[in-house]
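Since every read-out is calculated from the coordinates, none of them should be taken as a lab result. In this text, all values refer to a predicted model and were calculated from it rather than measured experimentally. FYI the Cβ positions are ideal-geometry reconstructions off the backbone, even for glycines, and counts take in every protein chain you see.
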Amino acid sequence: MMNVTYFRPRKPGPEVEIEDAVVGQVANLFPNEGHLAWMAGSLPVGSGMPDLVLVMCDPKVTSLANFDLPDSHILSYLHSVGHATSETITKRVGGKRKKTLRCLDELVNANAALVHSNTYSLSPNWRDTLPEVITIEAKVKNWKRAVEQAVRNRIFSHKSFVALPSLVAVRVQNEDIFQNYGIGLLSVSNDEVRIIRRAPRNQPRVWAYYYQLVFHAANHLSESL
């Protein structure tokens, strides 16, 4: 079973059992294909808190362990705009110029950012540092609420799933909402977990959240290596 980093205490119950079943099968459901893999439970991301987040990482991600949060803001900004001067970056991400310059130096030294004549850009191989971000919302009965949460998760994930008990999953699998919003569906029966609707690949849209995941993964993976 994959180790999971939980960010809040867990309350025993049927939804926890669904989560545990998914975690027990996650390596078979979503092979890491040679990437480093990190999994989190109830991780605050923006205004949400997905039940499970599976992050596939390029091994170089660990070079960003112990960096400050402003570094993730800088990377997300550079991902969005392409390139900018240190003055512009300071204005856009907030904070003091001295701290911004220190963060930029750290990112350049880690080869995450490039600099030329005081203009900074994101290193090309850091635009896809997390090749796959998969989120999963587990519910027992209120499947529509799970879908709402899964739709929200698509702003920073590549694939978003709902995990439901098998009887519920089979009953709702043909609902239009899954296709309309690009949500996948996992059927859970005891310890057996099956993908009965695949999630189409989605492009993350809020890069600030994406790079928060980069830094979370960097810190936790570096501790286990």
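Taking R0 as 25 Å, what FRET efficiency do you get between R10 and S47 from their Cβ-Cβ distance, rounded to the nearest 0.05? Calculated transfer efficiency: 0.75. Over the residues of the chain, the helix contribution to mean residue ellipticity at 222 nm works out to -12500 deg cm²/dmol, using -39500 (n - 2.57) for each DSSP H run of at least 4. A full extension of the chain between E87 and A27 corresponds to an added length of 17.2 nm, given 0.36 nm per residue minus the alpha carbon distance.
Computed from label points 7 Å out along Cα-Cβ, the spacing between N142 and R198 is 3.2 nm. Have a look at V133, I18, L114 and report the one farthest towards the positive end of the charge dipole of the chain, computed about the Cα centre with Cβ charges (Lys/Arg +1, Asp/Glu -1). Positive-most Cα among the choices belongs to L114. Among the lysines of the chain, pairs at least eight places apart or on separate chains and with Cα atoms under 29 Å apart come to 13.
Shape analysis of region 83-157 yields a ratio of the Cα radius of gyration to the Kirkwood radius, Rg/Rh, of 1.21. Residues V93, V133 in ascending order of nearby Cβ atoms (within 10 Å, fewest first): V93, V133.
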